[in-house]
Amino acid sequence: MRRFRLSRRTNGGGRKWEWPDLRTWLRLALAVFTWGTVCTILLGYNLFPGRVWLHVGEISPVEVRAPRTAQYVDASETEALRNQAAQQVTRQYLRLPYALQDAKGRAAAVVQALDDVRRGKEPAGPAKAELQGLPADSLAWVSQASARDLTRLRLAAEDILNGVMGREIRENTPDVKAASDQAVALAGQQGLDPSAAALLAIIVRRTVGPTHLEDAKATAAARLEAWQHVEDVVRTVQANDRIIRKGERVTAAHLAILGAVGLSGPRIGLGRAVAFALIAWLVIVLLGAQTRHWTRRVYESPRLLLLLALLLVMSLLAANMLALALPQFWNLVLPPTALLPNVWMLIVPAAALIAAVLLTERVGLLLALVLSALAGITGNGGLPTTILALGSSLAALTYLSHIWPPSRLRWIVGAMALTNMVLLVSMVVMQAHPLAMTSQQLALQMGIAAFLSCLYSVLATALALGGIFLLQRPFGITTHLLLLELSNPQHPLLKRMQSEAPGTYFASVTVASLADAAAEAIGADALLARVGALYHDLGKLSRPSFFVENQALLGLDNVHDNLSSSLSGLIIMSHVKDGVELATHEGLPREVADIIAQHHGQTLVSYFYHRALTGERPESVSEEHFRYPGPLPQTKEAALVMLADSVQAAVKSIAEPTPQRVAQVVGDVVRERVVDGQLAQCDLTFRDVAAVEAIMSRILTALLCHGRIEYPEPLTTGTGA
């Protein structure tokens with residue numbers, strides 16, 4: 001692939017941009033198209049039918065039931081519990097270190113003001129304010145008291161304050177009143193004159209104060225911490241549970257449940273759209289980069305990239321549409337169950353199998369990873385949906401080799417069913433869904449889950465086979481399903497060979513058996529080798545009477561007796577070209593047409609070449625004129641068809657076949673092809689060639705050298721017997 005790059009001009013001056021080639025532009029256009037489609041599906045999922053658009057406070061026009069089991073956060077209950085926890089936190093207080101000294105100072109100030117009154121001085125400023133509200137009889141006692149009496153009064157007040165304010169007295173709490181009442185009671189216990197005791201009680205009541213002030217910041221922080229420590233109240237709504245009745249007023253709790261089960265219709269915000277667009281673009285880029293790294297053949301073919309894009313887009317679309325309809329269907333026919341399989345367990349494995357068969361196993365794995373990741377963000381599926389889809393897909397891809405023949409599909413179905421069941425139970429345990437039920441109910445739920453797991457695996461496999469059958473021909477991909485169809489003896493071309501060129505057909509059947517067995521022995525594609533062998537002489541349908549194997553069956557003489565060796569050689573060699581043209585016209589796969597074109601390689605038509613050498617002008621005979629034009633076999637399967645065709649034709653010429661003669665002829669033919677360089681461009685190793693020689697010798701010996709029982713002549717019976 002050519003990219004944008006700088007290249008020097010031929011005249012040596014300056015630089016210019018070199019434009020990408022057409023395939024690069026096609027890949028870029030396909031990437032943009034796929035990105036836009038994926039974004040549309042991801043964002044448009046919220047607008048699909050089945051959504052309900054409700055707001056808090058409005059009346060619901062319909063009854064809504066849960067399509068699946070889901071968990072949601074009860075916001076109102078969570079808020080109430082958090083507020084309760086915050087209110088239960090006691091107020092935080094800050095200790096005043098000089099509260100007692102300040103109280104004593106206030107008491108001393110009052111006593112000092114009383115001393116001024118006793119001495120006949122007029123108090124001024126703060127001292128005057130301390131005398132406000134004192135009873136007249138207390139002031140009368142002060143005027144007659146001595147300095148010693150006031151000193152005793154001050155000391156008594158200090159003793160009371162020391163006793164009362166030595167403990168915690170919190171601001172704006174009953175602690176303050178309790179301390180004041182205690183101080184007044186202690187004032188009556190000092191043994192003073194009633195008037196002096198009453199004055200002392202007034203002084204200590206005024207001076208007692210809180211030792212701890214409320215700390216608003218600490219209180220707010222403690223309440224916030226308690227609020228945050230309360231976890232969300234998670235509730236579970238079961239499948240088919242009624243979420244909201246028709247005519248019921250919508251609350252925030254209703255909307256939370258609708259969002260959890262994927263039925264709410266939130267508006268698509270800019271942030272959500274940008275996030276989906278970035279994720280989709282990242283997925284497309286990584287998918288393209290990994291495809292380029294792992295499967296260059298797919299990356300270089302716009303047609304195959306289009307197939308990959310269609311599988312991605314159609315799988316997303318189908319899964320999102322089924323996600324709305326399928327759970328509703330199961331809820332109608334099945335009892336509510338927490339083990340209902342996810343629709344992605346149906347779509348993703350099917351898409352992965354299609355991609356693995358039509359493209360490569362690595363592309364199938366890539367597609368499974370991408371679809372599973374997108375499943376997690378589509379419809380708020382989350383990690384459980386991703387695990388369910390990916391696990392089911394990996395189980396299917398593990399047994400991909402068992403997809404042919406269809407009788408072995410039970411392995412794929414069984415592996416997917418078992419994996420689905422294990423994943424479902426694991427997800428239930430992980431999400432802690434309530435399973436508080438009787439053993440009979442639990443057995444019923446597990447039985448339903450097992451049934452649906454098997455059903456989903458069967459449906460996924462059936463979808464995969466249907467997709468492979470529908471997509472293989474439009475995209476020109478050869479699969480074993482197509483090869484099985486071509487190997488059917490009732491295929492029109494094979495039926496035509498049976499009627500028009502019977503000798504060629506039966507020889508091709510023998511070649512197919514040899515090529516099939518040899519391919520199995522060396523690990524090649526046995527089915528492709530068999531089908532290629534069945535059709536390798538398809539070109540002989542153009543002139544069946546010119547080939548010796550058909551002449552006796554058609555009751556014809558050998559027409560080559562009347563033709564020149566050169567012309568006969570051209571006619572014989574033309575069956576390769578005619579076969580390729582007929583295969584192309586009939587729509588046979590490219591791999592089969594390649595085997596037809598390569599099955600003779602550049603071998604020599606030795607019979608007519610040697611006959612030409614015995615003619616009148618042997619010096620004018622050129623070996624090149626009697627060699628097939630090629631190309632040489634490029635694959636193991638084409639090489640096996642060449643060897644099978646060659647040894648099958650050679651052993652037929654043995655007059656009295658024995659195991660030793662058959663083995664010798666087969667070995668000679670195989671070595672001749674190797675020495676002639678006919679196997680130089682395929683991947684056969686010397687070990688493969690030895691295995692092929694052995695298996696073909698054994699099969700041909702069994703066909704030609706087995707003994708026969710000589711049956712006795714039937715007895716002649718008399719008349720009337």
Once both label points are put 7 Å beyond Cα along the C-beta direction, the LYS177-LEU81 separation in nm becomes 3.7
Under the Debye formula (equal points on every Cα, no solvent term), log10 I(q)/I(0) of the stretch 482-704 at q = 0.14 Å⁻¹:
-0.87
Pairwise label distance in nanometres, VAL422 with LEU554, each label 7 Å out on the Cα-Cβ vector:
6.1
Compute the distance from the alpha-carbon center of the stretch 545-604 to that of the stretch 191-258, in whole Å.
99
Zone residues, the stretch 350-374, relative to MET314, backbone N less than 15 Å from point 7 Å out along Cα-to-Cβ:
350-359
For HIS491, HIS600, HIS560, what ranking results if the residue with the fewest other Cβ atoms within 10 Å of its Cβ goes first?
HIS491, HIS560, HIS600
How high is the FRET efficiency between ARG671 and LEU22 when r is their beta carbon distance and R₀ equals 51 Å, given to the nearest 0.05?
0.60
Please give the peptides 694-705, 277-288, 139-150, 354-365 ranked by average Cβ packing (other Cβ atoms within 10 Å per residue), highest first, as a rough proxy for protection.
354-365, 694-705, 277-288, 139-150
Once fully extended, how much extra length lies between SER143 and THR90, figured as 0.36 nm per residue of separation less the alpha-carbon to alpha-carbon distance?
14.2 nm
Output ordering of 660-669, 22-31 (per-residue mean of other Cβ within 10 Å, highest first) is 660-669, 22-31
Two-site label geometry, ASP193 and GLU231: point separation in nm, points 7 Å out along Cα→Cβ:
7.3
Ranking MET165, MET573 by Cβ neighbours within 10 Å, fewest first, what do you get?
MET573, MET165
Expected output is a single nm value to one decimal: the length gained when fully extending between LYS246 and LYS217, i.e. 0.36 nm times separation in residues minus the C-alpha distance. What is it?
5.6 nm
Just subtract the alpha-carbon distance of ARG698 and THR584 from 0.36 nm times their residue separation and send over the number in nm, one decimal.
37.5 nm
In what sequence, highest mean first, do 526-534, 465-473, 223-231 appear when ranked by Cβ atoms within 10 angstrom?
526-534, 465-473, 223-231
Please give the FRET efficiency for HIS293 paired with ARG170, using the beta carbon to beta carbon distance and R0 = 60 Å, rounded to the nearest 0.05.
0.25
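None of the figures in this text is laboratory data; all of them are computed from the coordinates on show. These numbers come from a predicted model, not from an experiment. Note: ideal-geometry Cβ built from the backbone for every residue, glycine included; neighbour counts use all protein chains shown.
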